[in-house]
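To keep things clear, I will list the structure first and then write my remarks on it.
The values are calculated or read from the model by the stated rules, or taken from the named source; none is laboratory data. Because the structure is predicted, anything quoted here is derived from the model rather than measured. In this analysis, Cβ positions are derived from the backbone assuming ideal geometry, glycine residues included, and neighbour counts consider all displayed protein chains.
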Amino acid sequence: MCILVIDLSYQSGNIFTIDQTGKILEACASLDYPALPALAHNLVEKTQRELIAVSIPKGPGAFTPLRLAASIATALALAKKVPLITYPSFLGFLPETGISGRIHLDARSGLAYQSDFLIEEEEVFFSLPELVKIDLPFTQTANRNRLGFFIGSLYRKDAFTPLDTLKIDYVKEPR
């Protein structure tokens with residue numbers, strides 16, 4: 001059994017599969033946005049396991065990539081009759097150490113999405129994201145292993161998002 005993760009909330013983007021514990025099974029080395037539905041299908045096929053859920057970030061992040069991930073995930077969840085797991089985009093960028101702190105994600109144009117976080121065992125709590133002016137260079141890359149762990153935890157807790165209430169949080173208005 002596998003969970004497909006389609007995370008396009010950050011410039012690099014990630015698409016990979018995990019098992020129920022959050023262990024990564026297969027990952028795409030690079031993304032080709034026009035071929036994303038085929039990449040997702042091939043990635044699941046490569047695991048030779050049954051798809052049991054699809055997971056996407058609910059924001060904040062770029063309008064078009066978040067919508068693309070939501071569209072593909074919704075179509076897959078409906079077609080395969082599997083649940084959808086959504087999570088804050090910040091989840092993939094938590095530091096390896098520490099149980100609390102502040103995290104920033106590049107929003108471009110000298111802005112960043114900011115949120116405070118608190119980790120309690122297998123659960124992460126985030127404050128409401130804010131858009132702030134910031135002068136830091138961003139060299140962040142998502143931590144797939146840590147993201148997989150927390151998505152696996154959400155799956156085990158049945159923390160599913162009903163498809164009819166799916167809402168993407170942009171924070172920054174689309175142009």
Within segment 80-103, of all residues that are touching a Pro at 6+ places or on another chain (Cβ under 9 Å) and closer than 29 Å to Pro137 by Cβ, the one surrounded by the most Cβ atoms within 10 Å (Cβ to Cβ) is Ser89
Enumeration of residues in segment 122-169 that are surrounded by 13 or more Cβ atoms within 10 Å (Cβ to Cβ), of a type in the set (Val, Ile, Thr) and either in contact with a Pro (Cβ under 6 Å, 6 or more places away or on another chain) or in a loop (DSSP other than H, G, I, E, B) (or both) = Ile134, Thr161, Ile168
Number of positions in segment 45-79 that are more than 16 Å from the chain's Cα centre (by Cα) and surrounded by fewer than 21 Cβ atoms within 10 Å (Cβ to Cβ) | 10
Among the listed residues Leu78, Leu25, Leu84, Leu36, which satisfies the condition of being at pLDDT 85 or above and over 15 Å from Phe160 (Cα atoms)?
-> Leu25
When the residues of segment 96-116 are filtered to those that are farther than 21 Å from Phe63 by Cβ and among the hydroxyl-bearing types (Ser, Thr, Tyr), which remaining residue is modelled with the highest pLDDT?
-> Ser100
Any residue in segment 108-129 that is on the phi > 0 side of the Ramachandran plot and not small (Gly, Ala, Ser)?
-> yes
What number of residues within segment 104-121 are of a type outside the set (A, V, I, L, M), closer than 20 Å to Pro65 by Cα and crowded, with 17+ Cβ neighbours inside 10 Å?
-> 4
Filtered residue count, segment 17-39, keeping only those that are surrounded by 20 or more Cβ atoms within 10 Å (Cβ to Cβ) and touching a strand residue (DSSP E or B) at 6+ places or on another chain (Cβ under 6 Å) = 2
